[in-house]
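What follows is a short report on a single structure.
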Amino acid sequence: MTVTIYHNPACGTSRNTLAMIRNAGIEPTVVEYLKNPPSRAELEAMIAAAGLTVRQAIREKGTPFAELGLGDPSRSDEELLDAMLEHPILINRPFVVAPLGTRLCRPSEVVLNILPDTHKGPFSKEDGEAVLDAGGKRIV
């Protein structure tokens, strides 16, 4: 199974999502999107496939969102996409693309909805929250 994660290694949610993918026995393609951002077409396709609006896919916290005036509801999707491509930190994370779907995995356990049921035992997030039991079955 081919899975791609648009990952930021400094983000706990992204690290937890990557670890859950690996716990399913899948070694994904890891795209550090801050270093290698998606193209406009790829970004638009991910957002659409995840069933989101561009505004839902933009990250506010820890970004230049406010300074760029992106909260203004009159800003078009085109303007928001331009900003996301110019400042990739504005792309919310992590996006995961898999044969079973595309999701913005916030919270990280959303990734379980698009992975096969092949988990290798228990899994807990970095903060200790248990997500999978000893049999690899979802708790949350």
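The values are calculated or read from the model by the stated rules, or taken from the named source; none is laboratory data. Every value quoted in this text rests on a predicted model; they were computed, and no experiment measured them. Please note: Cβ atoms are built from the backbone with ideal geometry, for glycine as well, and neighbour counts cover all protein chains shown. The accessibility values were calculated without ligands, DNA or RNA, using every heavy atom of the protein model including side chains. Shrake-Rupley method; radii C 1.70, N 1.55, O 1.52, S 1.80 Å.
Worth a mention:
- Projected onto their three principal axes, the Cα atoms of the chain cover extents of 49, 28, 25 Å, largest first.
- Cβ-defined net charge surrounding Lys61, 12 Å radius [Lys, Arg +1; Asp, Glu -1]: +2
- The distance separating the Cα centre of region 24-43 from that of region 60-113 comes to 13 Å.
- Helix-derived mean residue ellipticity, 222 nm - over the chain, DSSP H n ≥ 4, -39500 (n - 2.57), to 500: -7000 deg cm²/dmol
- Measuring nothing but protein heavy atoms, the accessible surface of the chain at 1.4 Å probe radius is 52 percent carbon and sulfur.
- Loop-located GluC sites (Glu not before Pro) in region 32-73, at most 13 other Cβ atoms within 10 Å (DSSP): Glu60, Glu67
- Solvent-accessible area per residue, Å², over region 17-98 with all protein chains present [probe radius 1.4 Å]: 48
- Those trypsin sites (Lys or Arg not before Pro) in region 44-125 that DSSP places in a loop and that have at most 11 other beta carbons within 10 Å: Lys61, Lys120
- Of the chymotrypsin sites (Phe, Trp or Tyr not before Pro) found in region 13-117, no site is in coil according to DSSP while having at most 14 other Cβ atoms within 10 Å of its Cβ.
- Straight-distance crosslink candidates among lysines, where the alpha carbon sits under 16 Å from Lys125 and sequence neighbours closer than 8 are dropped: Lys137
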